[in-house]
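J.: Sending over a structure as structure tokens; questions will come in a sec.
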Amino acid sequence: MPRILIVFAHPLLEKSRVQQVLLAVASGMPDVTVTDLYERYPDFNIDIDREQELLAGHDIIVWQHPLYWYSCPALLKQWIDLVLEHGWAYGRHGHALEGKKIFSAITSGGSTDAYQEGGFNKYTIREYLRPFERTAELCRTSYWPPFWVPGVHRMAQGDMEAWGIRYYALLTALRKGSIPEEDIERSVLLNDFVSFNQMTSI
């Protein structure tokens, strides 16, 4: 059964109701490891050896964070810069992550309508994630479509809890290998694999 590593980054978690729900759901799951970057490295002094060991010991890697200025919080960017070293994660001799799967689990204040061609933000959410996709490809991993929770600024508590259940269902399905990889690679969002019926049956 695949092991999942969630690399979590949020500098103000106490103010994020949705990310608190998602993090709580993931933290209690078997075969799922959560590394909270801002909790562990408040001084930004990342233990590169520890993080590389975690990556080596897991099959699916999740970059979980809010969308900050169309990208990720600063500490996750530093994690990418330092942990994914040349000669280890990429380059001629960098094969440590080869064959692993990576996807982004993100929240945004903007709605789905805002992240469309012609919408307020002009581009789709997948287009904003291109740097992460290219990073994953350079490390010889497969970059899967994102799990995206949009419109969090106006979200009711019941909807937040429903998204938590949906995230739990997705992580469970990925652990069990019940979603064919070719279907994942053809999809736009990982959200699409968790129906309302699946959510309410868990």
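The values are calculated or read from the model by the stated rules, or taken from the named source; none is laboratory data. Computed from a prediction, not measured in an experiment: that's the story for all the values here. Neighbour counts are summed over all protein chains in view; Cβ atoms, including those assigned to glycine, are modelled from backbone coordinates with ideal geometry.
J.: Tally time: how many residues in the stretch 113-131 are more than 16 Å from residue 152 (Cβ to Cβ), touching a Pro at 6+ places or on another chain (Cβ under 9 Å) and either hydroxyl-bearing (Ser, Thr, Tyr) or in a loop (DSSP other than H, G, I, E, B) (or both)?
T.: Going through the stretch 113-131 one residue at a time, the tally reaches 1.
J.: Sort out which residues of the stretch 32-49 are assigned to a loop (DSSP other than H, G, I, E, B) and either loosely packed, with under 15 Cβ neighbours inside 10 Å or among the β-branched types (Val, Ile, Thr) (or both), and write them in order of number. Talk me through it step by step, then tell me what you get.
T.: Of the stretch 32-49, the ones assigned to a loop (DSSP other than H, G, I, E, B) are 41-47.
Listed by number, the residues that qualify are 42, 43, 44, 45, 46, 47.
J.: All but one of (1) touching a His at 6+ places or on another chain (Cβ under 9 Å); (2) surrounded by 16 or more Cβ atoms within 10 Å (Cβ to Cβ) hold for residue 87; which doesn't?
T.: (2)
J.: Quick one: count up the residues across the stretch 178-193 that are touching a strand residue (DSSP E or B) at 6+ places or on another chain (Cβ under 9 Å) and under 18 Å from residue 107 (Cα atoms). If you could, list the steps in order and put the result at the bottom.
T.: Going through the stretch 178-193, the residues touching a strand residue (DSSP E or B) at 6+ places or on another chain (Cβ under 9 Å) turn out to be 181, 184-185, 189-191.
Imposing the further condition that a residue be under 18 Å from residue 107 (Cα atoms) reduces the set to 189-191.
The total comes to 3.
J.: If you don't mind, there's one more thing I want to ask. Any residue at all in the stretch 11-31 that's under 27 Å from residue 175 (Cα atoms), in a strand (DSSP E or B), in contact with a helix residue (DSSP H, G or I) (Cβ under 7 Å, 6 or more places away or on another chain) and touching a residue at least 24 places away in the same chain (Cβ under 8 Å)? Explain how you work it out, then say what you get.
T.: Keep residues of the stretch 11-31 that are under 27 Å from residue 175 (Cα atoms), which gives 13, 16-31.
Subset that is in a strand (DSSP E or B): none.
No: the stretch 11-31 contains no residue that is under 27 Å from residue 175 (Cα atoms), in a strand (DSSP E or B), in contact with a helix residue (DSSP H, G or I) (Cβ under 7 Å, 6 or more places away or on another chain) and touching a residue at least 24 places away in the same chain (Cβ under 8 Å).
J.: Can you find even one residue in the stretch 165-176 that is outside any helix (DSSP H, G or I) and not aliphatic (A, V, I, L, M)? Explain how you work it out, then say what you get.
T.: First, pick out the residues of the stretch 165-176 that are outside any helix (DSSP H, G or I): none.
No, the stretch 165-176 contains no residue that is outside any helix (DSSP H, G or I) and not aliphatic (A, V, I, L, M).
J.: Here is a list of conditions, (1) assigned to a helix (DSSP H, G or I); (2) touching a residue at least 12 places away in the same chain (Cβ under 8 Å), and residue 188 meets all of them except one; can you say which number that is?
T.: Going through the list (1) assigned to a helix (DSSP H, G or I); (2) touching a residue at least 12 places away in the same chain (Cβ under 8 Å), residue 188 breaks only (1).
J.: Among the numbered criteria (1) buried (at least 17 other Cβ atoms within 10 Å of the Cβ); (2) free of Cβ contacts under 8 Å to residues at least 40 places away in the same chain, which single criterion is violated by residue 92?
T.: (1)
J.: Also: For the stretch 143-161, indicate whether the set of residues that are of a type in the set (Ser, Thr, Tyr), under 21 Å from residue 4 (Cα atoms) and in contact (Cβ under 8 Å) with a residue 12 or more places away in the chain is non-empty. Explain how you work it out, then say what you get.
T.: Taking the stretch 143-161 first, the residues of a type in the set (Ser, Thr, Tyr) are 143.
Those still in the list that are under 21 Å from residue 4 (Cα atoms) too: 143.
Restricting the remaining residues to those that are in contact (Cβ under 8 Å) with a residue 12 or more places away in the chain gives 143.
Within the stretch 143-161, one or more residues are of a type in the set (Ser, Thr, Tyr), under 21 Å from residue 4 (Cα atoms) and in contact (Cβ under 8 Å) with a residue 12 or more places away in the chain.
J.: For residues that are of a type outside the set (Gly, Ala, Ser) and closer than 21 Å to residue 44 by Cα, tally how many sit in the stretch 89-110.
T.: So in the stretch 89-110, the residues of a type outside the set (Gly, Ala, Ser) come out as 90, 92-93, 95, 97-98, 100-103, 106-107.
In the following step, the residues that additionally are closer than 21 Å to residue 44 by Cα were identified as none.
Qualifying residue count for the region: 0.
J.: Within the stretch 62-106, how many residues are within 13 Å of the chain's Cα centre (by Cα) and in a loop (DSSP other than H, G, I, E, B)?
T.: So the answer is 3.
J.: Same structure, new question: Could you tell me whether the stretch 108-123 includes any residue that is touching a residue at least 12 places away in the same chain (Cβ under 8 Å), of a type outside the set (A, V, I, L, M) and within 17 Å of residue 6 (Cα to Cα)?
T.: No, the stretch 108-123 contains no residue that is touching a residue at least 12 places away in the same chain (Cβ under 8 Å), of a type outside the set (A, V, I, L, M) and within 17 Å of residue 6 (Cα to Cα).
J.: Please determine, by comparing only the residues of the stretch 143-161 that are under 20 Å from residue 188 (Cβ atoms) and either surrounded by fewer than 16 Cβ atoms within 10 Å (Cβ to Cβ) or of a type in the set (A, V, I, L, M, F, W, C) (or both), which one is modelled with the lowest pLDDT. Break it down stepwise before answering.
T.: Keep residues of the stretch 143-161 that are under 20 Å from residue 188 (Cβ atoms), which gives 143-152.
Filter once more, so that each one left must be either surrounded by fewer than 16 Cβ atoms within 10 Å (Cβ to Cβ) or of a type in the set (A, V, I, L, M, F, W, C) (or both): 144, 147-149, 152.
Working: 144: 97, 147: 97, 148: 96, 149: 95, 152: 90.
The residue in question is 152.
J.: Which of (1) crowded, with 21+ Cβ neighbours inside 10 Å; (2) farther than 20 Å from residue 193 by Cβ is the odd one out, the single condition residue 122 does not satisfy?
T.: Of (1) crowded, with 21+ Cβ neighbours inside 10 Å; (2) farther than 20 Å from residue 193 by Cβ, only one is false for residue 122: (1).
J.: Given the conditions (1) surrounded by 18 or more Cβ atoms within 10 Å (Cβ to Cβ); (2) free of Cβ contacts under 8 Å to residues at least 24 places away in the same chain; (3) not basic (Lys, Arg), which single one is not true for residue 182?
T.: (1)
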